[in-house]
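Enquirer: Sending over a structure as C-alpha cells; questions will come in a sec.
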Amino acid sequence: MRRDGVSTHVELMHALLVIFSAVSLGTIEFIRHAIPAKHVLQVPTTATVYTVLLVQVAPTAVLFVGDRIIAFFDRSGRALRIYRTVLFVGAVTLFLRQFQLYSGPGDGLTSSIAALGPVVSAAVALVALGIVIWLCVSWYSGLTVFFYYMSPVAIAMTAILPYQAALPGQPLEAYATEVARPADSQASPPVFIIILDELSYDALVKDGEIDAASFPSFAALAGEGTWFTNAAANFFRTWFAVPSIIDAIRPLSDQFEVRLYSQFGLVEDGYRAECGKVFTCRGVHYVAEKHPGLLAANLALRSLYQATPRMLEQALARPLGRLVDSLGSTYPSADPDGFQIYTKEQFDVFLGDIDSHQSPGRIYLLHSMVTHFPFAFNEHGKASRAPLTTVGAEKDVDFAALYEKYRKQAMFADSQLGAFMEKLRQEEIYDRAVIIVTADHGLRARPVLPLPEPIELDHLTTQIPLLIRAPGMDSRLSDVDYQHIDFGPTLWDVLGRPPLEGAQGVSAFSAERPVRDKVFWVDDWAYFYSSEDLAWHLGGLAAGMPEEGATGAEPEAETAGTEPAAESTYQ
C-alpha cells in the first residue's frame, strides 16, 4: 500500500471507510445483544445513540488516529498493511464470535468441538485463526474493496440502529411529573415501604432468630418494632404481588403524596396512566431516562463483554471489573437479562428524595431487585463474574451454590437498609417515620416461565419477612397468621385510620384473627396451606385468579369462616 499517486484526501477517506467497516462488522449486532430483557428495562433512544457512539464511533476514531500515525512514519506502506490486516483479523474473529452467540453459547458446533477435549479444541481454534489470517493477507486488495462497498451499508445500519434497538413504550413525560401534595399532608408522618423482591424469611433467620451477625440492620430495625414470624405472600409472580400492595395504598393518595420506585419495568408499566396524576413515578424507566449516559456505558460494557473472545475476556477481567463496579453495573455472564443494571442507581434515587422538609406526608414505596435472581453481587455490593445456572433450566441446579450467592446478596441488601436508616437519622425523621420492610415472595428455586403444570411449593417461596416500625410501637415478635391481603388494613391501623370499607384482609394488629386458609397463587393454580401437616397443597386450577393488579382476593368458598376485624392491639 504505497501512497504514491494517491491523493491525501482519498487515502484518508479509504482508511476511514475500512476502519469504520471493520469496527461495524464486529459490533453492530452486538449492540442488540447488549439490550436487556424487554420486561426488565425500556431503553431510551438517546441511550442507544450514546451506545453507538461508545461502541462504534469512539473505537473507529481511536483506530483511525493510529492508522494516520502509522501512515505518517511508514512511507513504504508495509506497516500500514500489517495494521489493517490485524483489523481485518479482529473484525472477522468478532464476526465468528457473533455467529457463535447467535447459535447459543456452547451449543451446536462449538460444543461438539469442545467435547473432543481441550487439546483438540485449541488445535481447531489455531487452525481456524491461521486460515483467517492467510485469507486476510492473501486477499488484502479484495478485502479492502469489500470493506469499501460495505461501508455505506454499515453507515446506514448505524443510523437506523437506535430506532431498531430502542424498545417500544418509551418513558412518558409524566414520569418526571410530581403529583400535587394533598392539603395538610405535612401533618402526617413519613411512610417508607420497602419491598425486597424474592427475599425469603428463612434467608434472614438462624436458630429461629434474625442472624444479627450477617444482617445487623434487619436485627436493629426488628429490635425497635414488630417482627412477624408467620407472614406469607399470596402470589408467585411479582407483577401480581407488588401491584397488590400498591393498590392497597392507592386510597391514601388523597391524604399522602405517594411516590413509587419500582425497579421492575413490568410493574411500573402497569401504572403509566397514573404517573404524574395519582403517583409520582421514580422507577427504573425514570432512572434510565434521567441517566442515558450511564445506561449507555452499561450497554457498551455488555456489548464489549459479549463481543470479546474468551481468552481476551479473561485478560481484561480485572480492569473491566473495576469499571463495572464503578458504574454500579454487573457482568453480562452473571446478569444476562440486566435485572441488576440499576439496582444501585435506583436505591440512590430513592435515598436522594428523602429530606426532612418534604418527607412528612409522603409514602415512599421502593420495590428493589437487590435480592432477586440472578445473584450478581456479593455481600459488599461488588459485581460477581461467575455465571449461575438459570433457575428453571432443564439441567440440574446446584441449589447449595445458588443459595449461598442468594444469601450474600441479601447481606448487601442489609447494608442498603442500614444506609437508609442512617439517612433518616441524618434528616432527623427516623423517630417519627413509619417503616415497613417486606418481600413480594420468597426464593423461587423453581421455573418462572409460564407453568402449564403445577409445581411443589415450600416455605422458602411462600414465607416472607415482615418488619414494621412506627412511633409508639413496642418491640416484639408476632406469630399472627399474616398474608399480604392484610397489608392495606395493617397500614391503615398503623396510621391510626379507620378500616377502609370493603377492604379484604384484617390488620395484623387486630386482637381477633380471621379463621381462613392461607392461599398462594402460582399463575392459575391455587395452593392452600394445611395446618395438619404444615405443608402447601394444590387446590386445583382456579378460574377465579385475581386480575393483574388486584389486591389478592381469595376464593369465596375458602373465606366463609372469616370474622370481622376487631379492635387493634397496636392502637
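Enquirer: Taking the stated definitions as given, is Gly505 closer than 29 Å to Asp254 by Cβ and at pLDDT 80 or above?
Expert: So Gly505 passes the test.
Enquirer: Next question, about the same structure. Considering only the range 511-523, I want to know if a residue exists there that is at pLDDT 55 or above, out of contact with any Gly (no Cβ under 6 Å at 6 or more places or on another chain) and closer than 30 Å to Pro190 by Cβ.
Expert: The first filter runs over the range 511-523 and keeps only residues at pLDDT 55 or above, leaving 511-523.
Still in the running and out of contact with any Gly (no Cβ under 6 Å at 6 or more places or on another chain): 511-514, 516-523.
The next check asks that each one be closer than 30 Å to Pro190 by Cβ; those that pass are 511, 513.
Yes, the range 511-523 has at least one match.
Enquirer: Inside the range 396-445, can you point out the residues that are part of a strand (DSSP E or B) and farther than 30 Å from Ser359 by Cα?
Expert: If the condition is that a residue be part of a strand (DSSP E or B) and farther than 30 Å from Ser359 by Cα, then no residue fits.
Enquirer: Would it be correct to say that Ser329 is in contact with a strand residue (DSSP E or B) (Cβ under 9 Å, 6 or more places away or on another chain) and touching a residue at least 40 places away in the same chain (Cβ under 8 Å)?
Expert: yes
Enquirer: Within the range 333-341, is even one residue in contact with a strand residue (DSSP E or B) (Cβ under 8 Å, 6 or more places away or on another chain), in the same structural domain as Ile193 (by TED's automatic domain parsing) and within 24 Å of His291 (Cα to Cα)? Don't jump to the end; show me each part of the working.
Expert: So in the range 333-341, the residues in contact with a strand residue (DSSP E or B) (Cβ under 8 Å, 6 or more places away or on another chain) come out as 334, 340.
Adding the requirement that they be in the same structural domain as Ile193 (by TED's automatic domain parsing) leaves 334, 340.
The next check asks that each one be within 24 Å of His291 (Cα to Cα); those that pass are 334, 340.
Checked against the condition, which is being in contact with a strand residue (DSSP E or B) (Cβ under 8 Å, 6 or more places away or on another chain), in the same structural domain as Ile193 (by TED's automatic domain parsing) and within 24 Å of His291 (Cα to Cα), the range 333-341 yields at least one hit.
Enquirer: Ala560: assigned to a loop (DSSP other than H, G, I, E, B) and modelled with pLDDT under 90, yes or no?
Expert: It is true that Ala560 is assigned to a loop (DSSP other than H, G, I, E, B) and modelled with pLDDT under 90.
Enquirer: Looking at the structure I just gave you, is Leu221 over 30 Å from Phe528 (Cα atoms) and not in a helix (DSSP H, G or I)?
Expert: Criteria not met by Leu221.
Enquirer: If I ask for residues that are aliphatic (A, V, I, L, M) and either in contact with a strand residue (DSSP E or B) (Cβ under 6 Å, 6 or more places away or on another chain) or not in a helix (DSSP H, G or I) (or both), which ones from the range 46-95 would you list?
Expert: Across the range 46-95, there are no qualifying residues.
Enquirer: Where the second residue is among the charged types (D, E, K, R) and at pLDDT 90 or above and the first is in a loop (DSSP other than H, G, I, E, B) and lies in the range 523-543, which pairs have Cβ atoms under 8 Å and are six or more apart or on separate chains?
Expert: From the range 523-543, the pairs are Asp523/Arg237.
Enquirer: Let me ask another. Restricting attention to the range 502-519, does a residue exist that is aromatic (Phe, Trp, Tyr), touching a helix residue (DSSP H, G or I) at 6+ places or on another chain (Cβ under 9 Å) and under 21 Å from Thr461 (Cβ atoms)?
Expert: No, the range 502-519 contains no residue that is aromatic (Phe, Trp, Tyr), touching a helix residue (DSSP H, G or I) at 6+ places or on another chain (Cβ under 9 Å) and under 21 Å from Thr461 (Cβ atoms).
Enquirer: I would also like to ask the following. Name the single residue that is modelled with the lowest pLDDT among those in the range 27-42 being assigned to a loop (DSSP other than H, G, I, E, B) and buried (at least 18 other Cβ atoms within 10 Å of the Cβ).
Expert: Here the residue is Glu29.
Enquirer: If you don't mind, there's one more thing I want to ask. Suppose we filter the range 408-431 for residues that are over 12 Å from Phe218 (Cβ atoms), in contact (Cβ under 8 Å) with a residue 40 or more places away in the chain and more than 17 Å from the chain's Cα centre (by Cα); how many remain?
Expert: Count: 7.
Enquirer: Within the range 158-179, is even one residue closer than 30 Å to Asp355 by Cα, modelled with pLDDT of 85 or more and either out of contact with any strand residue (DSSP E or B) (no Cβ under 8 Å at 6 or more places or on another chain) or among the polar types (S, T, N, Q) (or both)?
Expert: The answer is yes, given that some residue of the range 158-179 is closer than 30 Å to Asp355 by Cα, modelled with pLDDT of 85 or more and either out of contact with any strand residue (DSSP E or B) (no Cβ under 8 Å at 6 or more places or on another chain) or among the polar types (S, T, N, Q) (or both).
Enquirer: Looking only at the range 260-284, count how many residues are at pLDDT 95 or above and either out of contact with any strand residue (DSSP E or B) (no Cβ under 7 Å at 6 or more places or on another chain) or surrounded by fewer than 21 Cβ atoms within 10 Å (Cβ to Cβ) (or both).
Expert: 0
The values are calculated or read from the model by the stated rules, or taken from the named source; none is laboratory data. In this text the structure is predicted, and so the values were computed from the model without any measurement. Quick reminder, even Gly has a Cβ in these numbers, built from the backbone with ideal geometry, and neighbours come from all protein chains shown.
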